[in-house]
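Quick notes on the structure that follows.
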Amino acid sequence: MIIKCKDILDLLSEFFDDELDMKEEEFLFDHLYQCSRCLQIYNSYRQMLDLFHLLKPVKLEQERKKEFHKWLHVEIKQIVIKRKYKKL
Amino acid sequence: MKQTEQKDSTLVALAKNGNISAFEKLIKRYEDSIFSLAYRILQDKEKAYDVLQETALSAFKNLKKFKGKSAFSTWLYKIALNYALMHKRKQKSLEKKMTFIPTENESKIYESIDTEELSNIQTVDDNPIKTLEEQELINILNDSLNKLPEKYRTVFILKELEGKSIEEVAKILNLSPAAIKTRLHRSRLFLRELMGKYLNLGV
């Protein structure tokens, strides 16, 4: 398998999705070691993904969660009651 | 994982038979993920909270329609995503600044995104990202995400930020895994270009 520079971006995406087999990975890294330009692309690609992974999960505050649970409970009860009346 | 799914299916069965507490347990299990997904798309905690409320209520009202063909969580994310995207579209039409209007430079990036070898890669001596404050960095990341067309942004958020697998994203969006991979690939290329000046492109 000969890796050409123009294929590098497609291969990187597959690499970061764990879609390459060991042999393909080997070819990819062989190419990266020999081609400083593609290595730059690899570095920036990886850095970009690492940066986005820094975004921490966003969680609802405990108080807001309690408020939501109360609200949901009341709403659901109302729906259940309405459904019962419809059946009668 | 399988155990969790079994528990979900048990709770769903109970909830379908009128057990309110079973339904509430299901929602509690996924409320953080739903809120987080909505926040990633809307970048507004109040609106993300609205999406959580709408999703939970809609799921309860339509529970009988859930046939168990996919995981309950997938079904729930689909509902949440629809509401979040609906809010986003409203937001976009209301606020001009939220509309995706590519600059001349961004348009060029977008046109060349397909497969062409990237040219004119910026090189910098120092890593500019190191000089940014955390909040600045978060703003830059969110702004870059906002510049992505919706179909790419949604896939990137689900896969890279919410940690869903390609298969799961495919199910949530009713697309093939191959289509998800393509969108993911393009979203990454686009983001890499948008973030270019902040990335250390030196060897």
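To keep it simple, each residue is scored yes or no on (1) within 9 Å of chain B (Cβ to nearest Cβ); (2) within 27 Å of B:F190 (Cβ to Cβ); (3) of a type in the set (D, E); (4) assigned to a helix (DSSP H, G or I).
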| residue | (1), (2), (3), (4) |
| --- | --- |
| A:K6 | yes, yes, no, yes |
| A:L12 | yes, yes, no, yes |
| A:E25 | no, yes, yes, yes |
| A:L28 | no, yes, no, yes |
| A:H31 | no, yes, no, yes |
| A:K66 | no, no, no, yes |
| A:I76 | yes, no, no, yes |
| A:V80 | yes, no, no, yes |
Tally of residues being among the acidic types (D, E) and surrounded by 15 or more Cβ atoms within 10 Å (Cβ to Cβ) across the range B:45-67: 2
Subset of the range B:121-141 that is surrounded by 13 or more Cβ atoms within 10 Å (Cβ to Cβ) and out of contact with any Gly (no Cβ under 9 Å at 6 or more places or on another chain) - its residue that is modelled with the lowest pLDDT: B:I129
Check on A:K86, part of a helix (DSSP H, G or I) and exposed (fewer than 10 other Cβ atoms within 10 Å of the Cβ): yes
Scan of the range B:170-182 for residues that are buried (at least 22 other Cβ atoms within 10 Å of the Cβ) and either within 11 Å of chain A (Cβ to nearest Cβ) or closer than 20 Å to A:L11 by Cβ (or both), ordered by number: B:I180
Hits in the range B:21-45 (condition: over 26 Å from B:L11 (Cβ atoms) and more than 10 Å from chain A (Cβ to nearest Cβ)): B:I41, B:L42, B:D44
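The values are calculated or read from the model by the stated rules, or taken from the named source; none is laboratory data. Because the structure is predicted, anything quoted here is derived from the model rather than measured. So basically every Cβ, Gly included, is an ideal-geometry build from the backbone, and we count neighbours across all protein chains shown.
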